[in-house]
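Peer 1: Structure provided below as structure tokens; questions to follow.
Laboratory data are not the source of any read-out in this text; all were calculated from the coordinates shown. Worth saying up front: this structure is predicted, and the values here are computed from it rather than measured. Cβ atoms come from the backbone with ideal geometry, glycine included; neighbour counts cover every protein chain shown.
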Amino acid sequence: MLPVVVVHGGAGHIPKERAERSTSGVCSAARAGYAILRGGGSSMDAVVEAVALMEDNPAFNAGCGSVLNIKGEVEMDAIVMEGKTLASGAVSAVRNIANPVRLARLVMDKTSHACLTAEGANLFARQMGIPEVPMESLITDYSRMRWKKNLEPNANPVECQMGKTGTVGAVAVDAEGNIACATSTGGMLNKMEGRVGDTPCIGSGGYADNEVGAVSTTGHGEAIMKVTLARLILFHMEQGKSAEEASDLGLAYMKSRVNSLGGVVTVDPRGCWAARFSSRQMSWAAAQRDTLHHGLRSGEHFTQSIDDPH
């Protein structure tokens, strides 16, 4: 078994001035996840750690840095799933929580439910001793600027949404062959209050199954849900396609069927992985065999030693 963790920082168009922060953010997240795997930790611990790190990084649309809804507020979604028993946990439309992915993990571990939403999720967080943070601490100047811009009558938030800052996610296989995925997002720019996208939906925002593999997705949530993108890619893998081929087939279907772009990170039970996208860019990083892989634009694939700090 080859332990591996693969992360993404969101698909779309990432402005030059933010590209470097996005790239260094996914590389740090992959390193953190891999350190857990290298120490004998579980794939679930690895993906949660990697995603939580990106939630704390204002370069991404998750946790601190989340985009704002129409009212100028933060509502976040997250999911985790593990492939051994197909257990999963998700939260949607949560507020005042720094790390929604950790709350999703608690939904999986501590309840008999798969998803908690809005006030109920926040109530559960309090019961679990997760401190609430002021909403202001999650809002960046960049998010506020983009919110204001998209209040203009001729704005198209879906077009503006693609990238800039992105949904984050991770997939991993550990030394025991267990597979996991995690995805977290602030959702869609200037969305209606209470809008929930693909991220917390099993089979759309993510899916993990030890017998097939795991996927974490990014892109326009409504489109991803229509084609259940994560599960669609794993269906192709069940038919014998590689992680890369299956990812490309799923993304091509979403483009042809609902005319939408996106990106995924995918892994199979042997540790073969892929980071694929149909959008202009997607920041991604993977760590395996003490090597860090990363890229941002189509065809890019850089490698370095995992222990090289730069």
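Peer 1: Search region 135-149 for residues that are closer than 17 Å to Arg18 by Cα and pair each with any residue that is not in a helix (DSSP H, G or I) when their beta-carbon atoms are under 6 Å apart and the residues are at least 6 apart or on different chains.
Peer 2: Note: pairs meeting the criteria are Thr140/Pro58; Thr140/Gly65; Ser143/Val67; Ser143/Leu68.
Peer 1: Need pairs with beta-carbon distance below 6 Å; first residue over 21 Å from Pro134 (Cβ atoms) and within region 96-119, second part of a helix (DSSP H, G or I) and of a type outside the set (Ser, Thr, Tyr); sequence gap 6+ or separate chains.
Peer 2: Final answer for the pair search is Arg105/Val48; Leu116/Val107; Leu116/Phe124.
Peer 1: If you check every pair at least six apart or on different chains, which have Cβ atoms under 6 Å apart with a residue in region 164-186 that is more than 16 Å from Leu2 (Cβ to Cβ) and touching a residue at least 12 places away in the same chain (Cβ under 8 Å) first and a residue that is in a strand (DSSP E or B) and of a type in the set (D, E, K, R) second?
Peer 2: Correct list of pairs: Thr185/Asp77.
Peer 1: Quickly run through region 278-293 and pick out the residues that are touching a helix residue (DSSP H, G or I) at 6+ places or on another chain (Cβ under 7 Å) and closer than 14 Å to Ala11 by Cα.
Peer 2: Going residue by residue through region 278-293, those that are touching a helix residue (DSSP H, G or I) at 6+ places or on another chain (Cβ under 7 Å) are 278, 283-287, 292.
The answer is Ser278, Ser283, Trp284, Ala285.
Let's see how each residue does on (1) within 17 Å of Ala11 (Cβ to Cβ); (2) surrounded by 18 or more Cβ atoms within 10 Å (Cβ to Cβ):
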{"position": "Glu152", "(1), (2)": "no, no"}
{"position": "Cys181", "(1), (2)": "yes, yes"}
{"position": "Pro200", "(1), (2)": "no, yes"}
{"position": "Asp209", "(1), (2)": "no, yes"}
{"position": "Val212", "(1), (2)": "no, yes"}
{"position": "Leu229", "(1), (2)": "yes, yes"}
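Peer 1: If you don't mind, another one. Within the group Val94, Val101, which residue is surrounded by 20 or more Cβ atoms within 10 Å (Cβ to Cβ) and over 29 Å from Asp268 (Cβ atoms)?
Peer 2: Step by step, each of Val94, Val101 is checked, and only Val94 is surrounded by 20 or more Cβ atoms within 10 Å (Cβ to Cβ) and over 29 Å from Asp268 (Cβ atoms).
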